[in-house]
1. Can you tell me the equivalent ellipsoid semi-axes for the chain? Use √(5λ) from the Cα gyration tensor, largest first, whole Å.
2. Say R0 is 22 Å: what FRET efficiency, to the nearest 0.05, do Asp212 and Ala174 get from their beta-carbon distance?
3. Grab the alpha carbons of segment 239-361, take their convex hull, and tell me the volume per residue in Å³.
4. What FRET efficiency comes out for Thr344 versus Gln113 if R0 is 45 angstrom and r is the Cβ-Cβ distance? Round to the nearest 0.05.
5. To check you understand DSSP bridge types, tell me what percent of the beta bridges within the chain (both residues inside) are antiparallel, rounded to 5.
6. Based on alpha-carbon centroids, what's the gap between segment 124-164 and segment 275-330 in Å, whole number please?
7. Compare Pro316, Pro291, Pro283 in a GNM of the chain, Cα atoms joined below 10 Å, and give the one with the largest fluctuation.
8. Can you give the FRET efficiency for Glu361 and Ile59, using 1/(1 + (r/R0)^6), R0 = 25 Å, r = Cβ-Cβ distance, to the nearest 0.05?
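The values are calculated or read from the model by the stated rules, or taken from the named source; none is laboratory data. The structure displayed is predicted, hence computed values, not measured ones. For neighbour counting, all protein chains shown are included, and Cβ atoms are generated from backbone atoms with ideal geometry for every residue, glycine included. Each accessible area value is taken on the protein alone, full model and side chains, heavy atoms only, with ligands, DNA and RNA left out. Shrake-Rupley method; radii C 1.70, N 1.55, O 1.52, S 1.80 Å.
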Amino acid sequence: MPRPLSATIHLDSMQHNLARARACAPHARIWAVVKANAYGHGLERAMRGFAGADGLALIELENAVRLREAGWSRPVLLLEGFFDPSDVPLLAEHNINSAVHNIEQVKMLEYTQLYRPIDVHLKMNTGMNRLGFRPDEYAAAYQRLRAIPGVRNITHMTHFANADELEHPRLTIAEQVRRFQFGAGDLAGERSLSNSGGVLHQAELGDSLANDWVRPGVMLYGGTPGGRSALDYGLRPTMTLRSEIIGIQQIEAGDTVGYGSRFEASGPMTVGVVACGYADGYPRHAPHGTPVVVDGVRTTLVGRVSMDMMTVDLTPIRNARIGSKVLLWGDGLPIDEVAHSAGTIGYELMCALAGRVRVLEGRMGTDG
C-alpha cells in the first residue's frame, strides 16, 4: 500500500472558479495563469480544468511548447517573455505570445528575422517596480516594437501591486491605472491590467478598470490575494491534501513533543502522528495551533513539523485511531486559513506540493 498521503485535484472546482472570473469581468477575455506547474496542480490537469479559458499564461517557454504538444490550440502567453535570442524563433514556430518588458528584449526582436510575426504584450511599470517600462518611456518602446516586421499585435499590460486593498496607503489601483493611461495614452492595441485582485474587485472599480484581457491566477485555484475569504468571493478549493494518523502517543503534563521539545503538555493529552511533513510541502514553520481536521473534527498542530511527519492534538477526538482521516487543507479547511496560521499565503502552499505526494483527481465533496 502507498503512504496514506494524497492531494486530490478538483477539476470541477477549477471550472467553477473560471466561471466566477468570467462573471466578475464579463466583457474581458481570460488568460488563465498556469505558471509554477499550475500552482502545483499539474499543467495538463489545468489545461483540462481551464478548457474554457481564452488563453493560458505561464513563465517557461518549454512548458508553453508542452501545452502546444498536449493539444492546446488557443493563445499562450509568456508572462516574463523570452530570455535569449534563440528563444525568439520558437515563439513564431509554436505561435506563442510574449511579454516584452525591457529594451534588451526589444533589441532581440529587432535582430531576429521571423518567418511569421508574433503577438506581444508590452509591459508598463506603473509602480510594482519589478518588470516593465516606466510610463514616460513606454511610448518610445511601443514605437520601436511597432517598427519591427516580426511583431504583429501589441497588447498593453501592467501588473497591480495592491489589488487586494483598493485604498492602499502607498499605492492604489486608481493611481496605477492613472499612470497606465498616461503611458499608453491613445496607442493602438488591447489592454490587460487585472490580476486576481483586480478581477475580484471589478464591480467596485467599474469603468475605470477597462480590460480587454484579464489574468486571474490564485483565484482560479480557490485562493485569494487577500482581503475577504474565498467563500466570500464564491470560490471553491481546487486542491485537497489528506493523510492519516499513523501513530498515537498518550502523554502527561510536562512531556514535550517533537524536535526541539518546543511543545510542552499542560496536562494529559493524546497526540497523533500524521504522515505528512515539510518534504511533502507542508510548511515547517507552521506553529502550534495551526488548524487540521481529524475524522471531521477540527483540532490543531502541536510540536514542530518534521521532514516526513507532523503531530496533532487528538484529545478532542474521542474515537481517533490509527488510520483516522486527516484533512490538512482544501475541501473543508480553507488553504488560506492554514497559510495565515503559518505566516504565509495559500499560493506558497499550493506551489510547494512535493513530487512524492500522490496526486489524484476527484470532485468536491468526495474522497477522491
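1. Sorted largest first and rounded, they come to 44, 21, 18 Å.
2. After rounding, the FRET efficiency stands at 0.70.
3. Spelled out: Cα convex hull of segment 239-361, divided by residues, is 94 Å³.
4. Details: r = 46 Å, r/R0 = 1.02.
Efficiency computed from Cβ-Cβ geometry: 0.45.
5. That works out to approximately 55 percent antiparallel.
6. Each part's Cα centre sits 46 Å from the other's.
7. For the chain, modelled as a Gaussian network with Cα springs under 10 Å, the answer is Pro316.
8. About 0.55, to the nearest 0.05.
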